[in-house]
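Some notes on the structure that comes next.
The values are calculated or read from the model by the stated rules, or taken from the named source; none is laboratory data. In this text, all values refer to a predicted model and were calculated from it rather than measured experimentally. Positions of Cβ are generated from backbone atoms using ideal geometry, with glycine treated the same way; all protein chains shown enter the neighbour counts. The accessibility values were calculated without ligands, DNA or RNA, using every heavy atom of the protein model including side chains. Shrake-Rupley method; radii C 1.70, N 1.55, O 1.52, S 1.80 Å.
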Amino acid sequence: MNPQTVEPRMKARIALSVNDQPHELLVPVHKTLLEVLREDLGLTGTKHGCELGECGTCTVLVDGEPVLSCLALPVELEGRRITTVEGLAEGGRLHPLQQAFAELGAAQCGYCTPGVLLTAQALLAAEALPPRDRIREALAGNLCRCTGYTKILDAVELAALRLSRGARAGAGR
Amino acid sequence: MTGETRYADDLVLPRMAHAKLLRSSHAHARIRGIDTTRARALPGVLAVITGADLPRVRFGILPVSQDEEALCTEKVRMVGDAVAAVAAVDEETAEQACRLIDVAWEPLPALMSIEESLAHPEVRIHEYGDGPNVHKSVALQFGDVEAAFARADLVREDTFYYEGSTHLPLEQHAAVAHWGPDGKLTLWSSTQTPHYVHRLLAKILDVPAAHVRVVAAPVGGGFGGKLDPFAHEIAACHLSRLTGRPVKIALTREEVFYVHRGRHPVLMWLKTGFTRQGDITGCHIKTWLDGGAYGSYGVASTFYTGVINPVSYKMPVYKFEGARIFTNKPPCGPKRGHGTPQPRFALEVQLDRAAEQLGLDPAAMRRRIVTEPFTKTANHLTVTTTGLAECIDRVVEASGWRTKWRGWRAGEAPSEKKRGVGLACSAYMTGAGTAIYWNAMPHSGVVLRADRSGAVALLCGATDIGQGSDSILASFAAEVLGIALKDVHVHPADTTLTPVDLGSYSSRVTLMCGMATIQAAERLRGAIFEAVAKKLEVAPGALVARGGRVGVPEDWDTAVPFAQAVELGEAMHGVLAFPGSYAPPRRAGKYKGGGVGPSPCYSYTASVVDLSVDEETGEIELHDVWIAHDVGRALNPLLVEGQVEGSVYMGIGEALMEEQVFRKGLHKTPSMLDYKSPTTLETPDIHTILVETDDPEGPFGAKEAGQGPLLPIMPAIANAVYHAVGVRIDEVPITPDKILRALEARRRGKPARVGPEKLPLFAFKEPVVVESAFGQPADAVVVRPFQAERLA
Amino acid sequence: MMRLPPFTYVAARTLAEAAAALAEHGADAMLVAGGTDLYPNMKRRQFEPKVLVGLRGIRELAGVRGSAREGLTLGAGTTLAAVAAHREIVTHYPALATAAGLVSSPQLRNMGTLGGNVCVDTRCNYYNQSFEWRRAIGFCMKKDGDVCLVAPGSPRCWAVSSSDTAPALVSLGAAVRLVGGGGERTVPLAALYHDDGIEYLAKRRDEIVTDILLPPVDGWRSAYLKLRRRGSFDFPVLGVAVAARLEGAVVRDARIVLGAVASRPRLAEKAAAALVGRRLTPELIAAVAELAAGPSKPLDNTDFTHPYRKKVTRVFVARALRALGGLGDAGRAVEAIA
Ligand SMILES: Cc1cc2nc3c(=O)[nH]c(=O)nc-3n(C[C@H](O)[C@H](O)[C@H](O)COP(=O)(O)OP(=O)(O)OC[C@H]3O[C@@H](n4cnc5c(N)ncnc54)[C@H](O)[C@@H]3O)c2cc1C
Ligand code: FES
Ligand code: FES
């Protein structure tokens, strides 16, 4: 019952695409994506609050869909596109969501923010101008203990508005 | 925001080892022996320590409660007490090694409630205190309450219970310790109080404080949960000393529940006399706090359950008796609102009941009895400005109270969902008036150094725990110096670099560091003005600093760019580095215990909650929360609103679902899933209204905003539930189960109430009797220590 | 950080490969689909398999086939998000779409599968705790110990069936296809469960759930109501699935299934029988709700008190029936009705 010895840890060679960068890794199979991102790739922007699927802090995107990195195994993610918060800003410019979060004070301690941003980005990719209740539902898997969510919802609405205006302006050109 | 902020657990140092603690699996037990042989033999283990390896000192955050050991040596007092620590090449190995440590326990009876602890004086959790298992007992009386009750038209006695809850910061505590080959120790930690950790580490590890450096990493949520020195910090330091490597330790969520220091469960009895018009003739409160296994901030917490209530409403005479009881549970401490939400809940629900009995509108009744500005309370606290009346008016207006609150109704025909509104108010401190250890030094210090580039470095011992204090302080400096916010660089909380700040607690940072920043900036500006005046051949008093330049307004073309002004200043004075200091006005009441409660100024809040109750399931749905907060002056309205909204959120959690409860000696729900914290779906729209009173005590008139707004939420919800379905839930959390039970009781002809039925048999000590200071005029601005030169 | 114990991972590409791996490693091996149930449990050392057989790469398990008219076949690997959003399911099997859409959080629904959901481990708040916590209180019979901490004298384990989709599927008359060493078989989903907290699945270890089969919709309406503290994250502490076939106001056939009140989805057969051939009136609904609450025997091992869960059983059954009969406001707990 009490594990007495360290078990031999099987390592696997894994090819991961993170923020559009390919990585070749040799890691123990039982390491979760969360651990590999933070400990092997140095991408500590992905945070964690429980490691059991109960808070949403560790959310990353896999092929554009929000998933929990604390319950995902890298061996199962070969060939998939993984996006972390570090991959959100483009070319040194803040993503419109990040911009709106900064302007409206939607991040207080900032610990839930990476997961919230990615979840919101997936929502806006699927739905240009989601109503507030839809944003609430989409973010229902991301706990925040600081903000009371109000400013977060405001910021997602603001970013959505700007993105859709930008898209329309772009289309008009 | 971009993932670049480096919290403690994000730090990686070369050769870093990883540590884990072995924690007690008994709620109360003597330690007969600890055998670490098997753990040491595990490959990859670098060091294993027990309490025997540490200097034999007991510590605690308050000088009067030195009752903790980093690693327990003789006995453990709760499940989760640390008894040994392991450093290993990785976290998994350290964890495995912990499971290989053999402890011989001699279990002792576990006391898991106030009642059990008082019923079993023969079992002692600690040897010290004000009686068997009584940590602290206090009794204060200001005027003759019995006479006040005799004068009253209505006297109410009610009992309430407030369940414990925890901070649940999203970031789990973590620390990295590095004891360098030069014999100096550096600790990076998610702490809200690097200064106290610094002082205590030196004592606990028996090293000169001069060789210890504590750096507060950005904190991923504090709320008062990262305000004590913790076993994991101490163990990491010692393990680093032994292994010669940096050592990281990161708590699991379950361990964070054991570290706790959260809201005290409090049982309360409240007796208040009212006149027919709704005036209070006098008030008497008794509180019993379930303190958990250690002292922590508990003495202060005990006082706070009694001393702040009189700040909001006129209470000519006042009596308070409180006792904190030890139990074999994680220690309670200073969660957001520290000790004040519990008695506030009792008072505001009782006011609601009194209003009904007197046939008064509960909003109008409160409006009538708010305290007068610049007067003293019965217990000698100084009310400076108060915007409570305006707060009430504003929420009444915004919420449509007059149409929604349709008067006091007796039961209506049953329908599935009933709507109701409730109102409550509160007052809170803007920074505690006294330090944890008595001294005459500043509570906050700041150093400003101007660079020839025109940049200004702001060195400040405070940590930004999410309240945005860094940017507020920078904005103060920028405002005084007339430069852009971006030109101010804040260097927070590093004990070798920054002046002392007592910590990010009791909403003191904006005020105290803010005042120190303003002082330093004014001094810096003075030196610069002197030099620029000489060059422009004008009087320094004719100069202004704005838009990045210094000059005479009438002759702005000759104004000097700030960078050049700094050069002129440096040429005249040498390096331009100026300190600012702040200590609160010395206003402590001149009686024993008078040091807890005074604050430079108080913030005020009023809130209206609109909700529905499902009469069949007891489920509550919140529709809207209106909250008006007297913040003195809203320097950065977005940040203030954020603090208010966050407080409301936490209040909703405490009101409806959060509870730290135990079963068979163990925490029942030590996880994010089972300890319920509201999601976006339970959090309604929060409508924040900021009220300004421009307090002479605050920086640019500002008061706190991060704690007070939590307080009215629980009673406002309780009052709204009553308004909706006519049942009184006299305890939090207000769960659907309790609502159904109260409705059933009513159906059976019993009182429609769920709440405590009995009170402990407990003899409080004789009260310290002091004359009531109620209504005495208080000075507008007193001369503050270190601020003599400042013009009001 | 909570971490997984070490294991060997077999990424199966076909059912045959998966079956072979299971056969080879016997009791040391476990299947994993989305991992959203298994991985947290492994981190708490409730399971310590030496070998994990991953089902993700198996094409045969993906996708939804068929139509409401002739019946739907749902691959076990279909994610809950896909089930909840599937047009045909939303319109014709609303109890299932609702149940799938109410599982945990959006992220978990993107990861968790239907197959994993019907096989999800039973839960108990003495059991879903860390290794250290369980050691402190004394291990229970479900893992590492030999007593039941909820009902100390009991010879059996009372852990609670906590799947949202299982009661919905049982109410819809779903069947399940299993493939194992012994070949393939299809059984009613109700027959997949035992009322035992440990041996809650009536299938052999080497059997893989490949498909969930929904019968032709054939006039059945359905609804699912879930009780939990929060609108997200939380497992059901009571699930009520009701399906009925009505002709006008007369009930021709009905099934009432209770989730999270026993170690298996519990059929309230007497209550359902009392509906058949009768008009769905408020009086009948009240009587049937009372009958249905009979088999609801929650114990004190989940969130909320068990007397409360029992009381709400009655309310939810009545509300679900009212919704099916189109009898007015059913309360906010009813998320979707056909
Ligand atoms: C925080 C949290 C909240 C949750 N809330 C809910 C909830 O509200 N409602 C709910 O129903 N569930 C909930 N879950 C549990 C879980 O997420 C879901 O049940 C999910 O559907 C499981 O699917 P999976 O594919 O991830 O299963 P896995 O974790 O991969 O597997 C679960 C079990 O099923 C077995 N299994 C998986 N696929 C097959 C197959 N094809 N054949 C045979 N055996 C198989 C596995 O061996 C394992 O024993 C929650 C989980 C977490 C962590
Ligand atoms: S860390 Fe909490 S869900 Fe992953
Ligand atoms: S900003 Fe702190 S948890 Fe969300």
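In table form, for the structure just shown:
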{"quantity": "Residue that is farthest from C:R177 (Cα to Cα) [pool: residues in the stretch C:65-78 that are within 15 Å of ligand 1 (Cβ to nearest atom) and either more than 14 Å from chain A (Cβ to nearest Cβ) or open to solvent by less than 10 Å² (accessible area, probe 1.4 Å) (or both)]", "calculated": "C:T78"}
{"quantity": "Scope the stretch C:242-290; condition closer than 21 Å to C:Y200 by Cβ and either of a type in the set (S, T, N, Q) or open to solvent by less than 60 Å² (accessible area, probe 1.4 Å) (or both); matching residues", "calculated": "C:I256, C:V257, C:L258, C:G259, C:A260, C:V261, C:A262, C:S263, C:R264, C:P265, C:L267, C:A268"}
{"quantity": "Flag if C:F235 is open to solvent by 10 Å² or more (accessible area, probe 1.4 Å), within 14 Å of another protein chain (Cβ to nearest Cβ) and modelled with pLDDT of 95 or more", "calculated": "yes"}
{"quantity": "Boolean, B:L711 is open to solvent by less than 10 Å² (accessible area, probe 1.4 Å), at the interface with another protein chain (Cβ under 8 Å from one of its Cβ atoms) and away from ligand 3 (no atom under 16 Å from the Cβ)", "calculated": "no"}
{"quantity": "Answer residue from the stretch B:228-260, given it is open to solvent by 10 Å² or more (accessible area, probe 1.4 Å) and of a type in the set (D, E) and is nearest to B:H667 (Cα to Cα) among those", "calculated": "B:E254"}
{"quantity": "Those residues of the stretch B:688-702 which are farther than 20 Å from B:S426 by Cβ and either modelled with pLDDT of 95 or more or crowded, with 21+ Cβ neighbours inside 10 Å (or both), in sequence order", "calculated": "B:P699"}
{"quantity": "So B:G400, is it open to solvent by 20 Å² or more (accessible area, probe 1.4 Å) and at pLDDT below 95", "calculated": "no"}
{"quantity": "Residues satisfying the stated conditions in the stretch A:97-106, i.e. touching a residue at least 12 places away in the same chain (Cβ under 8 Å), facing chain B (nearest Cβ under 8 Å) and closer than 23 Å to A:N19 by Cα", "calculated": "A:Q98, A:F101"}
{"quantity": "Selection count, the stretch B:607-646, where residues are surrounded by 24 or more Cβ atoms within 10 Å (Cβ to Cβ) and either within 12 Å of chain A (Cβ to nearest Cβ) or free of Cβ contacts under 8 Å to residues at least 60 places away in the same chain (or both)", "calculated": "9"}
{"quantity": "Every pair of residues 6+ apart whose Cβ atoms lie under 6 Å, when the first sits in the stretch B:705-723 and is more than 18 Å from B:Q357 (Cα to Cα) while the second is open to solvent by 10 Å² or more (accessible area, probe 1.4 Å)", "calculated": "B:A705/B:V640; B:A705/B:Q643; B:G706/B:Q467; B:G706/B:S507; B:G706/B:Q643; B:Q707/B:R336; B:Q707/B:S507; B:L710/B:R336"}
{"quantity": "Checking B:D685 against (1) touching a Ser or Thr at 6+ places or on another chain (Cβ under 9 Å); (2) buried (at least 23 other Cβ atoms within 10 Å of the Cβ), the condition it does not meet", "calculated": "(2)"}
{"quantity": "Residue among B:L71, B:L11 that is within 33 Å of the chain's Cα centre (by Cα) and within 14 Å of chain A (Cβ to nearest Cβ)", "calculated": "B:L11"}
{"quantity": "Exclusive hit being within 14 Å of chain A (Cβ to nearest Cβ), in contact with a Ser or Thr (Cβ under 7 Å, 6 or more places away or on another chain), farther than 16 Å from B:G164 by Cα and open to solvent by less than 10 Å² (accessible area, probe 1.4 Å), set B:Y649, B:Y675, B:Y582", "calculated": "B:Y649"}
{"quantity": "Options C:V53, C:V103, C:V83; residue that is in contact with a strand residue (DSSP E or B) (Cβ under 6 Å, 6 or more places away or on another chain) and either aliphatic (A, V, I, L, M) or part of a loop (DSSP other than H, G, I, E, B) (or both)", "calculated": "C:V53"}
{"quantity": "Test: residue in the stretch B:218-227 that is modelled with pLDDT under 95, open to solvent by less than 10 Å² (accessible area, probe 1.4 Å) and more than 18 Å from B:Y297 (Cβ to Cβ)", "calculated": "yes"}
{"quantity": "Out of B:A152, B:A119, sole residue that is free of Cβ contacts under 8 Å to residues at least 24 places away in the same chain and among the hydrophobic types (A, V, I, L, M, F, W, C)", "calculated": "B:A119"}
{"quantity": "Flag if B:P63 is surrounded by fewer than 20 Cβ atoms within 10 Å (Cβ to Cβ) and within 14 Å of chain A (Cβ to nearest Cβ)", "calculated": "no"}
{"quantity": "Qualifying residue in the stretch B:233-250 (condition: outside any helix (DSSP H, G or I) and either modelled with pLDDT under 95 or within 19 Å of the chain's Cα centre (by Cα) (or both))", "calculated": "no"}
{"quantity": "Breaking point among (1) buried (at least 21 other Cβ atoms within 10 Å of the Cβ); (2) in contact (Cβ under 8 Å) with a residue 40 or more places away in the chain, for B:V770", "calculated": "(1)"}
{"quantity": "Scan of the stretch B:80-127 for residues that are under 30 Å from B:R15 (Cα atoms), acidic (D, E) and touching a strand residue (DSSP E or B) at 6+ places or on another chain (Cβ under 6 Å), ordered by number", "calculated": "B:D90, B:E91, B:E95, B:D102"}
{"quantity": "Count of the stretch B:97-110 residues which are in contact with a Leu (Cβ under 9 Å, 6 or more places away or on another chain) and among the aliphatic types (A, V, I, L, M)", "calculated": "4"}
{"quantity": "Lone unmet requirement of (1) outside the structural domain of C:R278 (by TED's automatic domain parsing); (2) under 30 Å from B:K664 (Cα atoms) for C:R204", "calculated": "(2)"}
{"quantity": "Residue, nearest to the other protein chains (Cβ to nearest Cβ), within the stretch A:116-173, restricted to residues that are away from ligand 3 (no atom under 16 Å from the Cβ) and in contact with a Lys or Arg (Cβ under 8 Å, 6 or more places away or on another chain)", "calculated": "A:L123"}
{"quantity": "Helices (runs of 4 or more DSSP H) contained in the stretch C:114-225 and holding at least 2 residues touching a Pro at 6+ places or on another chain (Cβ under 6 Å) and crowded, with 24+ Cβ neighbours inside 10 Å", "calculated": "C:165-171"}
{"quantity": "Residue list for the stretch A:20-44, filter: touching a Ser or Thr at 6+ places or on another chain (Cβ under 6 Å) and away from ligand 1 (no atom under 16 Å from the Cβ)", "calculated": "A:L37, A:R38, A:L43"}
{"quantity": "Residue among B:V12, B:V76 that is open to solvent by 20 Å² or more (accessible area, probe 1.4 Å), closer than 23 Å to B:L201 by Cβ and modelled with pLDDT of 95 or more", "calculated": "B:V12"}
{"quantity": "Lone unmet requirement of (1) open to solvent by less than 10 Å² (accessible area, probe 1.4 Å); (2) modelled with pLDDT under 95; (3) more than 8 Å from every other protein chain (Cβ to nearest Cβ); (4) within 21 Å of A:L104 (Cα to Cα) for B:C601", "calculated": "(4)"}
